[in-house]
1. Tell me which of these TYR117 doesn't satisfy, since it passes every other one: (1) hydroxyl-bearing (Ser, Thr, Tyr); (2) more than 18 Å from the chain's Cα centre (by Cα); (3) surrounded by fewer than 16 Cβ atoms within 10 Å (Cβ to Cβ).
2. Among the candidates VAL82, VAL25, which residue alone is surrounded by fewer than 20 Cβ atoms within 10 Å (Cβ to Cβ) and on the phi < 0 side of the Ramachandran plot?
3. Mind listing whichever residues of region 52-93 are acidic (Asp, Glu) and in a loop (DSSP other than H, G, I, E, B)?
4. So which residues in region 138-155 are under 17 Å from ARG57 (Cβ atoms) and without any contact (Cβ under 8 Å) to a residue 40 or more places away in the chain, if there are any at all?
5. Just to be sure I understand, how many residues within region 22-70 are within 16 Å of GLN128 (Cβ to Cβ) and not basic (Lys, Arg)?
6. Filter region 43-73 down to residues that are buried (at least 17 other Cβ atoms within 10 Å of the Cβ) and charged (D, E, K, R) and give me whichever is modelled with the lowest pLDDT.
7. Of all residues being in contact with a helix residue (DSSP H, G or I) (Cβ under 6 Å, 6 or more places away or on another chain) and aliphatic (A, V, I, L, M) in region 128-148, which is surrounded by the most Cβ atoms within 10 Å (Cβ to Cβ)? Just the residue, please.
8. Can you tell me which of (1) within 19 Å of PRO81 (Cβ to Cβ); (2) outside any strand (DSSP E or B) is the one VAL49 doesn't meet?
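The values are calculated or read from the model by the stated rules, or taken from the named source; none is laboratory data. A quick note: this is a predicted structure, and the numbers were derived from the prediction, not measured. FYI the Cβ positions are ideal-geometry reconstructions off the backbone, even for glycines, and counts take in every protein chain you see.
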Amino acid sequence: MELADILGRRRMTRSYLPDPIPREVIERIVSTVRRAPSGGFSQGHRLVVVTEADTRRELARLAGEEEYVAAGGQAWISTAPVHVFVGTREESYHERYRRPDKLRDGEEIGWPAPYWYVDAGAAFMLLQLAAIDAGLATGVYGVLPEQVPEVETLLGVPDDVHFVCLVTIGHPAPDPRETAVVSRLTQRRLPVAELVRWERWDEPGQPTSQAQR
């Protein structure tokens, strides 16, 4: 599948068929984490794959699925056959940047942004793209801060791995209520010129082709 086709199909799916996904397919998808970018090749990404039904239902409870359904949505979290916990190990970055080839004047560099979270975002995008390439659909959900410890305990996540998000994977199912609850269908897509600047922030670029509009 061409990248343009994959990007055209990338969206947050909130309705899944219960059909299980073969393990070898899941393994191919999650193995993309080895290709995810990371500062200094720190490789701080950490994943937990969840397929067991009781665990998926408990994750849905912690994510507030009941409230979502009460607001008119569909119970998509508990029904998605595969969940992938995406975490990051911050200390992997500090360990890497304390090595001699990364020290600056004998000290670890300052971090203008927490790159362990930046790279985790890149990792979960790779999961999405790999799943779409396999003919599947994906969604992404989170939990409130007070639920994070319960999620990590449920999945046996060690203390030095920080929660980022969970990715759902499965075969999509029709959702008759989609238009009422999905943001991409209720919010306008911003034009490229509003999102992308050229050379300087105060020099906004102008679309030069139909593809940019």
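1. For TYR117, the exception is condition (2).
2. Exactly one of VAL82, VAL25 is surrounded by fewer than 20 Cβ atoms within 10 Å (Cβ to Cβ) and on the phi < 0 side of the Ramachandran plot, namely VAL25.
3. Residue satisfying the conditions is GLU52 alone.
4. THR153
5. 12
6. GLU65
7. So the residue we want is ALA131.
8. (2)
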